Amino acid sequence: MKSSASLGRTKALTTFLTYAALIIGAIIMIFPFVWMILTSSKTVPESILIPPTIFPKQIMLDNFKNVMANLPFVNLYINTALMVFFRVICAVVFSSMAGYAFAKLQFKGKNILFGIVLVQMSLPSQIFIIPQYQMIAKMGLANTIFALVFPGLVSAFGTFFLRQTYMGIPNEIGEAAYLDGCNQWQTFTKVMFPLTGTSVAALTIFTAVFAYGDLMWPQVVNSDVKMMTLSAGLANLRGQFTTNFPVMMAGSLLAMLPMVILYLIFQRQFIEGIANTGGK
C-alpha cells in the first residue's frame with residue numbers, strides 16, 4: 001500500500017495539473033478578447049504588421065469615433081434589443097404551449113407533428129432563408145423590426161426542450177389540478193408552467209445568445225443599415241479589398257458591451273440556468 005506521503009504528493013500533483021490545464025484553457029479563451037481590445041487601439045499599419053505587434057505604441061481612441069461616424073450605433077442597439085426581446089418572448093410563450101401539448105395532451109397526428117418538429121430542428125436554418133424572405137417580401141415588411149423577429153416566432157429547439165421538461169413532471173400533478181376544478185388552460189398556466197422555471201430561464205439564455213449573434217438573416221431581410229442589427233452592421237465595415245481592422249475591432253468591442261454588462265448583472269441566473277438544464 002502507498003504511504004500517506006506518497007498519496008499526498010500524488011494528490012498535490014493532480015491538483016497542480018488540473019489547475020494548470022484550466023489556466024491554460026482560460027488564457028486561450030480570453031486571448032481573442034484581449035487581442036480585440038489591443039487592436040482597437042492600434043493604427044492601421046500596426047494592425048497588419050508581420051510579425052504582429054501585441055501592444056500599440058500609442059493608444060488611438062479615434063477608432064471609436066470613426067466607427068460611431070460610419071455606423072448608426074444607436075439604431076443598431078435598439079434594433080438588436082427589440083429583436084432579442086421579441087424572439088425570447090415568442091420562444092418562451094409558443095414553445096411552452098407546444099411543449100405542454102406534445103408532452104401531456106392526446107390528439108390525432110401528435111407523433112407526426114412532433115416528428116416534423118424534430119426534422120426542422122435537424123435541418124440547417126440557412127435552407128429556410130429564401131422562403132422566409134419571400135414571405136416577408138410579399139407582406140411588404142422588409143426593413144422592419146418584424147422582419148428581424150420573423151424567424152424566431154417559433155422555435156423547434158424550444159418546443160423539444162420544454163417538451164422534455166414537461167415529460168419529467170408527473171401526470172398526477174395535472175390530474176390533481178383537474179380534480180380541484182382546473183380546466184386544461186388553468187392547469188397549464190397555474191400548475192405546469194410555473195414548474196418549468198429553470199428550463200424557461202435556460203431557453204431564454206439560449207434564445208437571446210443565438211438571436212444576438214444572428215448575422216445572415218438581418219443582412220438578407222433588411223438592406224437599410226439603420227434597420228440592421230449590431231452583427232449585420234459590423235459586417236458592413238469589412239471592405240472588398242482592404243479592411244480597417246482597428247475600426248472593426250473598435251466596433252466589435254462596442255457591440256460586445258451590452259452582452260457583457262447583462263452577463264455581469266445576471267451572472268448567477270445565467271450559471272444556474274446552464275447548470276440545471278439537465279436536472280429535474
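Between L105 and T15, the contour length at 0.36 nm per residue exceeds the Cα-Cα span by 27.4 nm. In the chain, helical runs assigned H by DSSP with n ≥ 4 each contribute -39500 (n - 2.57); averaged across all residues and rounded to the nearest 500, the mean residue ellipticity at 222 nm is -21500 deg cm²/dmol.
Assuming a ≥ b ≥ c are the square roots of the Cα gyration tensor eigenvalues, decide whether the range 100-188 counts as rounded (a/c under 1.5), prolate (otherwise, with a/b larger than b/c) or oblate. Because a/c hits 1.5 or more and a/b exceeds b/c, the range 100-188 counts as prolate. Taking other residues whose beta carbon is less than 13 angstrom from the beta carbon of T207, and scoring Lys, Arg as +1 and Asp, Glu as -1, yields 0. All other residues whose Cβ lies under 13 angstrom from that of A98 are scored, Lys and Arg at +1 and Asp and Glu at -1, for a net of +3. Charged neighbours of L71, selected by a Cβ distance under 14 Å, balance to +2 (K, R count +1; D, E count -1). Solvent exposure of the chain amounts to 62 Å² per residue of accessible area, where only protein heavy atoms count and the probe is 1.4 Å. Comparing V92, V260, V209 in a Gaussian network model of the chain (Cα springs below 10 Å), the most mobile by mean-square fluctuation is V260. Ranking of E175, E46 by solvent-accessible surface, largest first: E175, E46 (1.4 Å probe, protein heavy atoms only, all chains present). Carbon and sulfur together cover what percent of the accessible area of the range 30-177 at a 1.4 Å probe radius? C and S fraction of accessible area: 72 percent. Computed from backbone phi, the HN-Hα couplings of the range 49-54 come to 5, 10, x, x, 9, 7 Hz, rounded to whole numbers (Karplus: 6.51 cos²θ - 1.76 cosθ + 1.60, θ = phi - 60°; Gly and Pro given as x). The overall shape of the chain, judged from the alpha-carbon gyration tensor, is oblate: a/c is not under 1.5, and a/b is no greater than b/c. Note on the chain: lysine pairs with Cα distance below 27 Å, sequence gap of 8 or more or different chains, count 12.
Per-residue Karplus couplings for the range 126-138, computed as 6.51 cos²θ - 1.76 cosθ + 1.60 with θ equal to phi - 60°, are listed in order as 5, 6, 8, 5, 5, x, 5, 5, 4, 5, 5, 5, 5 Hz, Gly and Pro entered as x. Charge dipole of the chain (Cα centre as origin; +1 on each Lys and Arg Cβ, -1 on each Asp and Glu Cβ, all else neutral): 440 debye, rounded to the nearest 20.
The values are calculated or read from the model by the stated rules, or taken from the named source; none is laboratory data. All values derive from a computational prediction rather than experimental measurement. A quick note on method: Cβ atoms are made from the backbone with ideal geometry, for glycine too, and the neighbour counts reach across all protein chains shown. These accessible areas exclude ligands, DNA and RNA; they are computed on the full protein's heavy atoms, side chains included. Shrake-Rupley method; radii C 1.70, N 1.55, O 1.52, S 1.80 Å.
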